[in-house]
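This report concerns only the one structure given below.
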Amino acid sequence: MEAVNQTGAASKASAAIELHNLEVKYGERSAVNDLSLTVPAGAIFGFLGPNGAGKTTTIKTMLGLRKPDGGSVCVLGYDAVMQSLEVRARVGYMSEVNSLYDFLTIPQHCAFCRSVSRQWDQEMVDRYVSLFGLPTNRKVGKFSKGMKSQLALSLLMGSNPDLLILDEPTAGLDPVARHQFLNHLVAEIAAQGKTIFFSSHILSEVEAVADWVGIIRDGKLIVCDELDHLKQTQKVLKLTYVELPPAAEVTMLRSLPGVMSLEQEGRSVRLLTHGDVESLSQTIQARSHALRNVDIVDLDLEDLFLKYMKEESNGR
Amino acid sequence: MVVKEFIEARSQLQGQIQQLTGSYDGYVWSQWFSKNGPDILAILAAVLGASLIASEVNKGTIFFLLSKPVSRDRVLLTKYLVSVLILLGVSLLSGVAILVASAMVGHPQNVGGVLISTILLWLGMLFVLGLALLFSVLFHDVLRPLIFSLLFTLLLSIPGLISNATLNAWNLTFYWSSFAAYQGTMFPLKALLICLVAALVPVLLAIPLFRKQAY
C-alpha cells in the first residue's frame, strides 16, 4: 500500500490518470479492450467517442464503480481498485444521468455532501451557486436540466477536488446553457490548475475547451494526443482547379506521400494531409494542371474524428 | 392423507382461534400480533427494503452516492439502519396504541407482554426488510425486490397453515407471533434468537454482494 502511494506521489506531478491495458467486459462482450491512456496533470482532456464506445465504462472504472477485468487504473497516484476511497476523496465526478436527489434543496444537498466529504468548502459552493443564479429554496426536482448540471458542478467544487471527471456534462443542455457551462469550466476551474477529464460526443465543445483529446471506438483508444499537436501535424489542403482534373491526376494526388485522404467535388479537391504540407503544396502546384486557388487550412476536430472513425471502419 | 391432516389441522386451528378470541387479550393478540400487524409491517418492510438500493440505481442517484469517499458497507448499513429504526418506530407506536386503547376500554394489557411481542414482531419484520434489501442489491428496479421478498415470506409461512410441531419449528411466523409471550407467561428467548438470526442472514448476504456489484 505504501509503495503505491509513493509511486503515486512521484507520478502525481506528471499524470493525473494512467490506464494500462485496461479491459472491461459485460459478460462475454468486451466494453473496453486493451486501453492505455495517460492524462497529464492540469490538462483539460476531452474523451471522444460515439455512443456505446466505452467512454462511461472507462470513467466508472476510474472511480471504482466497476472493477476492471484486466489491466490497471491509477488515478492521482492511487490504484482505483485497491484505493478507491482515496481516489473518490480527491475526484469530483459528474455522471451522464442526473444523479441529484429531486426531493432535496441545494442546502440539503450541501449538508449531505459535507457529511460524506473529507473536506468541504461551503463558501466555494455558495460562490458557484450564486454565479449560476440557482434558487436555494426550491427542490432540485423542479430545476431544468441545465440548472441541475450547474448545481452538480457547484457541489463538485465543494470538496476541492484535484481532478474533475465529467461524463457528458452538457448532454441535453441548450446551446446557451452549454456555452455558459463550458465557459465557467475553463475560466474558473481549469484556471485553478485542476485536471478536467470530460467525455463528450459533441466535437465543437471538445475543440473549444480541451487541450488534450482521446478518441475511443469499440472500447479501443484510437488516438490520444495534444490537440494542438494533432492540428499542427495534420492539415487540410484545398485545391481549386481551373478545369476539372482528370481521374489520373486525382489518383496521383491520392498516392502522394503525406496524403491521408482525398475528397473531390467537381473542380475542388480536399486533401487531408500529414507532415510537411508546404512542400506537398509546392509539389502539386508544380504539376501541369492549372490551379485557381490553393489553401492550407487547419484541421478541425470534426475532420479528425471522422477520419479516425473512417479509418477504423475500413480497418475492421 | 395430506387432505385429512389439513382438515384436522384446520378444525384444530378454528378451535384455538375461538378459544383465543373468547378473551379480550386473545382477540387483541390474534388481530394485531398474529394477523394484521405482520401483514401491514411486512408490506412496509418490503417497500422500505426494496427501494433501498434499487431505487437509487433506478433514479441514477447511486452514482452521486457511490462517487463520495464512503465505503459501500457504510452506505448499505446506514440506509438499512434508517429503515430498521422506521420499522421500530412503527412497531412501538402500534404497541403503545394497543396499551392505550385497551386501558381506555377497561382491559389494561400486560405491558411487558406487549413490549416483548412488539420486539418479536419487529425482529420478524427485519427478516422481510433484509430479504427485500438483498433483492434490492440484486435487481435494478423496485418492483421485483418487493414482489420476491413478499412471495418468499409468504412461502415461509405455508408450514404455519398445518398445525404440526415439526413444521412449526421451521415456520418463522410461529416465532414472531407468540401468544405465550404476549400473555407474559414465558420469556421467548428461543423465538427472539431465531428471529434475530433470521433478520441478520439476508443482511450479511447483501453486504458482500453490494461490495461486488458493478454500476
Scan of the range B:24-67 for residues that are within 14 Å of chain A (Cβ to nearest Cβ) and touching a His at 6+ places or on another chain (Cβ under 8 Å), ordered by number: B:57, B:58
Looking only at the range B:174-212, which residues are surrounded by fewer than 20 Cβ atoms within 10 Å (Cβ to Cβ), over 14 Å from the mean Cα position of the chain (by Cα) and touching a residue at least 60 places away in the same chain (Cβ under 8 Å)? B:179, B:183, B:184, B:187, B:188, B:205, B:207, B:209, B:211
Output the residues belonging to the range A:149-162 that are surrounded by fewer than 23 Cβ atoms within 10 Å (Cβ to Cβ) and more than 16 Å from residue A:126 (Cβ to Cβ). A:161, A:162
Any pair with Cβ under 9 angstrom, 6 or more apart, that starts in the range A:252-275 at a residue that is not assigned by TED's automatic domain parsing to the domain that holds residue A:288 and ends at one that is surrounded by 14 or more Cβ atoms within 10 Å (Cβ to Cβ): none
Working only within the range B:73-91, note down all residues that are closer than 30 Å to residue B:177 by Cα and without any contact (Cβ under 8 Å) to a residue 24 or more places away in the chain. B:78, B:81, B:82, B:85, B:89
Just one of (1) within 12 Å of chain B (Cβ to nearest Cβ); (2) under 15 Å from residue A:165 (Cβ atoms); (3) not hydroxyl-bearing (Ser, Thr, Tyr) trips up residue A:41, so point out which. (1)
Of the conditions (1) under 29 Å from residue B:182 (Cβ atoms); (2) within 14 Å of chain A (Cβ to nearest Cβ), the single one that residue B:70 does not satisfy is (1)
The lone condition residue A:200 fails out of (1) surrounded by 18 or more Cβ atoms within 10 Å (Cβ to Cβ); (2) polar (S, T, N, Q); (3) modelled with pLDDT of 90 or more is (3)
Can you pull out every residue in the range B:35-66 that is without any contact (Cβ under 8 Å) to a residue 60 or more places away in the chain and assigned to a helix (DSSP H, G or I)? B:35, B:36, B:39, B:40, B:56, B:59, B:61, B:64, B:65
Given the criterion among the polar types (S, T, N, Q), under 20 Å from residue A:44 (Cα atoms) and more than 13 Å from every other protein chain (Cβ to nearest Cβ), identify the matching residue among A:144, A:154, A:130, A:159. A:154
I need the full set of residues from the range A:251-283 which are part of a helix (DSSP H, G or I) and buried (at least 16 other Cβ atoms within 10 Å of the Cβ), in order please. A:253, A:277, A:280, A:281
Scope the range A:72-110; condition over 24 Å from residue B:59 (Cβ atoms), more than 10 Å from chain B (Cβ to nearest Cβ) and buried (at least 17 other Cβ atoms within 10 Å of the Cβ); matching residues: A:73, A:74, A:75, A:76, A:77, A:78, A:79, A:80, A:83
Does the range B:67-79 hold any residues that are of a type outside the set (A, V, I, L, M) and either surrounded by 22 or more Cβ atoms within 10 Å (Cβ to Cβ) or assigned to a helix (DSSP H, G or I) (or both), and which are they? B:67, B:72, B:73, B:74, B:78, B:79
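Scan the range B:92-108 residue by residue and report those that are part of a helix (DSSP H, G or I) and touching a residue at least 60 places away in the same chain (Cβ under 8 Å).
Selection gives B:94, B:98, B:102.
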For residues that are over 22 Å from residue A:196 (Cβ atoms) and among the polar types (S, T, N, Q), scanning just the range A:111-124, find the one that is nearest to the other protein chains (Cβ to nearest Cβ). A:115
Please verify whether residue A:67 is crowded, with 20+ Cβ neighbours inside 10 Å and within 14 Å of another protein chain (Cβ to nearest Cβ), treating the condition exactly as stated. no
Please go through the range A:111-148 and pick out each residue that is surrounded by 15 or more Cβ atoms within 10 Å (Cβ to Cβ) and not hydrophobic (A, V, I, L, M, F, W, C). A:114, A:117, A:126, A:128, A:146, A:148
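The values are calculated or read from the model by the stated rules, or taken from the named source; none is laboratory data. Model, not experiment: these values are computed from the prediction. Cβ: placed from backbone, ideal geometry, glycine included. Neighbour counts: every protein chain shown.
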